[in-house]
1. Might you work out the accessible area of Leu57 for me, using a 1.4 Å probe with all protein chains in place, and round it to the nearest 10 Å²?
2. For the range 47-98, what does the relative contact order come out to in percent, with C-alpha contacts under 8 Å and a separation of six or more?
3. Which ³J(HN,Hα) values, rounded to whole Hz and listed in residue order, are derived for the range 71-83 from phi using the Karplus coefficients 6.51, -1.76 and 1.60 in 6.51 cos²θ - 1.76 cosθ + 1.60 with θ = phi - 60°, glycine and proline given as x?
4. How far apart, in nm, are two points set 7 Å out from the Cα along the Cα-to-Cβ line at Leu64 and at Ala17?
Amino acid sequence: MSARRTTGYGRAAAFAAGLLALVLIAACQPGPSQTTAGDRGASAVVVASFNFPESELLAAIYGLTIRHAGIPVRIEFDLGPRELVQPALEQDLVDVVP
């Protein structure tokens, strides 16, 4: 009797792999450019993460994907808990928090 059980780790790994595939597919889709010459043309997109490893990994994936698309990126790891990151988003100090 050789029944295999799916462990929580296996499910988490499958979920992470699926999420990564979706992010990479979405990054390959061309979109309309919404920046103008006077807009944030020379400034970098700021990708931030919360203070836990999974958030840092997602921020790195987002940042590298955006950079691969030719957009300047600055990645800020370990900004802190949601109570600190949310005001940064609202004040436009951070552009993306996955």
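The values are calculated or read from the model by the stated rules, or taken from the named source; none is laboratory data. Every value quoted in this text rests on a predicted model; they were computed, and no experiment measured them. Methodologically, a virtual Cβ is constructed for each residue, glycine included, from the backbone with ideal geometry; neighbour enumeration extends over all protein chains shown. SASA here: full protein model, heavy atoms, side chains in, ligands and nucleic acids out. Shrake-Rupley method; radii C 1.70, N 1.55, O 1.52, S 1.80 Å.
1. 110
2. Details: 69 pairs, mean separation 26.4, N = 52.
Answer for the range 47-98 is 51 percent.
3. 9, x, 10, 10, 9, 10, 8, 6, 5, x, x, 4, 5
4. 1.7
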